Amino acid sequence: MYEAQYFADVLWFLFAAVLVSAISARLKSSPVLGYLVAGVGMGPCALNLIQNVENSRSISELGLVFLFFAIGLGMSIERLLILRRYLFGLGTLQVFLTTLGLMGVLHLFDLPLMTSAIIASSLALSSTAIVLQLLSEANEMSSRHGRVTFSILLLQDL
């Protein structure tokens, strides 16, 4: 039974991905927002096509593995050395300052310090999949701000 439900979930994800990609191509827009909307719509709080969210977690973990593998394929040691200043300097600074600022805002709502630190550090991270897709579609990966953005995203993922 578990395998049949897992297979059905995979088919729903593939169907939604093809549908969203086709609609996005027709509208000449990025499919990233469509993927997010489709994911919410398929969940148990909407159309209930994906009933067991636990099954989809393993699928999403596999997707993350593929994302990191794809990023690694496009990365060379030379490029990593060139980006190291942005990666470790600016990336660390961005995560630290964003976390600190969000902690301050959350502390204003009388949240305990540890709780606000956990929430703030989670919110300080960006979605690599979304940002890289948008940069690639705009052909800005090789621009200066594209390289800086990629460096910050890479540090957040690490």
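The values are calculated or read from the model by the stated rules, or taken from the named source; none is laboratory data. All values derive from a computational prediction rather than experimental measurement. Neighbour counts are summed over all protein chains in view; Cβ atoms, including those assigned to glycine, are modelled from backbone coordinates with ideal geometry. Heavy atoms of the whole protein, side chains included, go into the accessibility calculation; ligands, DNA and RNA do not. Shrake-Rupley method; radii C 1.70, N 1.55, O 1.52, S 1.80 Å.
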Taking springs between alpha-carbon atoms closer than 10 angstrom, which of Ser58, Ser126, Ser30 fluctuates most in the Gaussian network model of the chain?
Ser58
Given the options Ile119, Ile77, Ile50, which has the most mean-square fluctuation in a GNM of the chain, springs set between C-alpha atoms less than 10 angstrom apart?
Ile77
Cα long-axis angle, helix 32-42 against the chain (0 to 90 degrees, to the nearest 10)
50 degrees
Sulfur and carbon atoms: percent of accessible area, the chain [1.4 Å]:
72 percent
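Kindly report the accessible area of region 29-78 per residue (heavy atoms of protein chains, probe 1.4 Å, no ligands, DNA or RNA), in Å². List each step's numbers first, then the result.
Details: 3390 Å² over 50 residues.
Normalised by residue count, the accessible surface of region 29-78 is 68 Å².
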Which Rg and Dmax, in Å, describe the Cα atoms of region 74-140?
15.6, 47
What angle, in degrees between 0 and 90 and rounded to the nearest 10, separates the Cα long axis of helix 91-108 from the longest principal axis of the Cα atoms of the chain?
80 degrees
From the residues Leu27, Thr98, Leu49, which one has its Cα farthest along the dipole of region 1-132 in the positive direction, the dipole being from +1 and -1 charges on Cβ of Lys/Arg and Asp/Glu about the Cα centre?
Leu27
Folded to 0 to 90 degrees: helix 2-27 orientation relative to the chain principal axis, Cα:
70 degrees
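Can you give the FRET efficiency for Ser30 and Ile82, using 1/(1 + (r/R0)^6), R0 = 30 Å, r = Cβ-Cβ distance, to the nearest 0.05? Mind dumping the intermediate values first?
Values: r = 28 Å, r/R0 = 0.92.
Using R0 = 30 Å, I get an efficiency of 0.60.
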Residue-normalised 222 nm signal for the chain, counting each DSSP H run of n ≥ 4 as -39,500 (n - 2.57), nearest 500 deg cm²/dmol, is -24500 deg cm²/dmol
Over all Cα pairs of the chain, the Kirkwood radius sets Rh, and Rg/Rh then becomes 1.03
Subtract the Cα-Cα distance of Arg144 and Leu108 from 0.36 nm times their separation in residues, and report this length gain in nm to one decimal.
9.3 nm
